[in-house]
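The values are calculated or read from the model by the stated rules, or taken from the named source; none is laboratory data. Not measured: the values here are computed from a predicted model. We place every Cβ from the backbone using ideal geometry, glycine too, and count neighbours over all the protein chains shown. The area values use the complete protein model at the heavy-atom level, side chains included, leaving out ligands, DNA and RNA. Shrake-Rupley method; radii C 1.70, N 1.55, O 1.52, S 1.80 Å.
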Amino acid sequence: MGIIKVEAGEIIEKQHWYIRPKPFYFHPYNVYIHGIKPEDVRDEPDFSEIWREISTYLENNLVVAHNASFDISVLRHVLDLYDLDYPQFDYLCTKKLAEKQWPHLDKYGLKSIAKFLDVKFKHHDAMEDAYACAQIAVSACKSQNVDCLYSLARELRLGLGKVYQGGYRPARIRS
């Protein structure tokens, strides 16, 4: 898992964790995509052991992810698996953001948007993907001449997603 913390358009912190999955199973396709093998995480903590640290980055913050519905579903699944309380936070999807900000693009995958913005990163590496998402959000704020993501969401008519104890509301494009 990778997290980039941004304030006033600048990266102020980076965090990265390897997490031992439960169950300890690696689908060959996922190994191919991410390059993470069982031996890379065998001695790493499981999610419940690092959740308290991770949750401080999410709780009461605005979280940005590409194709956020996938990441939010994974987070909810693992919280349920370990019977952990959901944090409360808003989230914004950079895929939906890019669709509104740059409607002329042919593709809206993370790699395609990063290439359009000349953001160099290693795709499918958690920290690098987080970096690309941060750069997309910062670029969109600059393009809209706004200083925060809440203002950007209003300008682009994006409905923020929300995670809260017992559920969630998906991010969306408002009409």
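Between residues in segment 55-69 that are aromatic (Phe, Trp, Tyr) and residues that are assigned to a strand (DSSP E or B) and open to solvent by 40 Å² or more (accessible area, probe 1.4 Å), which pairs lie under 9 Å by C-beta distance while being six or more apart or on different chains?
Final answer for the pair search is 57/5; 57/13; 57/15.
Just to be sure, is residue 94 β-branched (Val, Ile, Thr) and touching a residue at least 12 places away in the same chain (Cβ under 8 Å)?
yes
From 130, 114, which residue is touching a residue at least 24 places away in the same chain (Cβ under 8 Å) and surrounded by 14 or more Cβ atoms within 10 Å (Cβ to Cβ)?
130
State whether the residues of segment 63-70 include one that is within 20 Å of residue 122 (Cβ to Cβ), small (Gly, Ala, Ser), in contact with a helix residue (DSSP H, G or I) (Cβ under 8 Å, 6 or more places away or on another chain) and surrounded by 13 or more Cβ atoms within 10 Å (Cβ to Cβ).
Scanning segment 63-70 turns up at least one residue that is within 20 Å of residue 122 (Cβ to Cβ), small (Gly, Ala, Ser), in contact with a helix residue (DSSP H, G or I) (Cβ under 8 Å, 6 or more places away or on another chain) and surrounded by 13 or more Cβ atoms within 10 Å (Cβ to Cβ).
Does residue 67 satisfy the criteria of being of a type outside the set (D, E, K, R), at pLDDT 95 or above and touching a Lys or Arg at 6+ places or on another chain (Cβ under 6 Å)?
Taking the combined requirement at face value, the residue satisfies it.
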